[in-house]
Each structure stands twice: as structure tokens, then as C-alpha cells.
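Heads up, the thing below is written out as C-alpha cells.
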Amino acid sequence: MQGWGAPVHQIETINACHLDAARIQQALPSVVREDTRLLFIENVGNLVCPAAFDLGEAERVVLLSLPEGEDKPLKYPVPFRKCSMVLVTKTDLLPHLDWERERCLEYLRHITPWAPVLELSALTGVGLDSWIDHLQQAARKTWESRHADRHAHAQHLSHDSGMSHP
């Protein structure tokens, strides 16, 4: 993302096994600018420990790489239970792997029936339009919400100053 001009900041967890909201809050001033519409937090590691902690995110997207197997949602249900969307990645590898799409979707519906599932391939571009549309909608929603909050805050300050200074 840095190659596309986005500010990137690596947060080291040092001795902790997971990223936490306090570390995210400390990093925000170095990555969030006035025109920021989306902030990606890539919480890497195993599929159990990082998923158990709230980072203050508006959405939690879990990437399920097709080569990892269709049974990952059953083996590691925590991240899938807490997600708002699942991206099944590397779908271009399907012809080369023993992977059962319907079984994977069945497992996902069992663990996280509310979360939409997008199947993606960065190599072929399959599913990327839907993912980009989703990101654009999320960015628009965040931008509108941020500006509505600022407007309400400004009105509140204006109202308060009017009441304290007749």
C-alpha cells in the first residue's frame, strides 16, 4: 500500500501475542490524515489470539486463503464468528487443489451466517470489483459519519457558547 502513496506504520507487539486497541490509538496520528477515508489494520499471526481482541474497527474482514483448506472455519471459528465479511482468496488455484467450494461455504454459513463471502483472485481479477465496491461504500459511510460528527460537535459548541455568552 505504501507503493500507492498510503502512509504505512508497523506496530510491534514486542512481547505481547496480539495487537491491541491502545497500540492502534498510539499509531493513529502517524497514519491518519485529514483526507483519510479508510484505515486498514492488518492483524497478522495465528487465527486464534488476534481475533479475540477488539481493535476499535468498524469492520472485521477475515481472509481465508484457498490453499489453507475449506475446514479452517471449523478448526478456528473465533475469527469467523467475529467477522463482518470473509474474503476467500487465491481462487485461481482451485483447479490445482483438492478443495471443495460448497463444503467451505457450508462451514462458513454454519459459523458466520450473517457475513457475506467474496471469492477473490488477485491473479485473474475475479471478485475484485465487488471488493472495491464494498471498500468504496465503507469509505463513503465513514467520511459521511465523520463529517456529521464534526457538524454536530460544531453545533454543540456554538450552542454552548451562545448560552454562556448572552
Please state which of the following conditions Y107 fails to meet, knowing it meets all the rest: (1) modelled with pLDDT under 90; (2) of a type in the set (S, T, Y); (3) not in a loop (DSSP other than H, G, I, E, B). (1)
Failed criterion for L118 (all others in (1) modelled with pLDDT under 95; (2) assigned to a strand (DSSP E or B) hold): (1)
Here the residues within the stretch 74-91 that are in a helix (DSSP H, G or I) and either among the charged types (D, E, K, R) or touching a Pro at 6+ places or on another chain (Cβ under 9 Å) (or both) are K75, P79, F80, R81
So L19 fits all but one of (1) within 15 Å of the chain's Cα centre (by Cα); (2) surrounded by 12 or more Cβ atoms within 10 Å (Cβ to Cβ); (3) under 25 Å from I132 (Cβ atoms); (4) not assigned by TED's automatic domain parsing to the domain that holds C83; what number is the exception? (3)
Just need a number here: residues in the stretch 27-47 that are surrounded by 12 or more Cβ atoms within 10 Å (Cβ to Cβ) and not in a loop (DSSP other than H, G, I, E, B). 3
For the stretch 92-103, how many residues are over 13 Å from K72 (Cβ atoms) and assigned to a helix (DSSP H, G or I)? 7
E34 of a type in the set (D, E) and touching a residue at least 60 places away in the same chain (Cβ under 8 Å): no
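The values are calculated or read from the model by the stated rules, or taken from the named source; none is laboratory data. Quick caveat, the model's predicted, so the values are computed rather than measured. In this analysis, Cβ positions are derived from the backbone assuming ideal geometry, glycine residues included, and neighbour counts consider all displayed protein chains.
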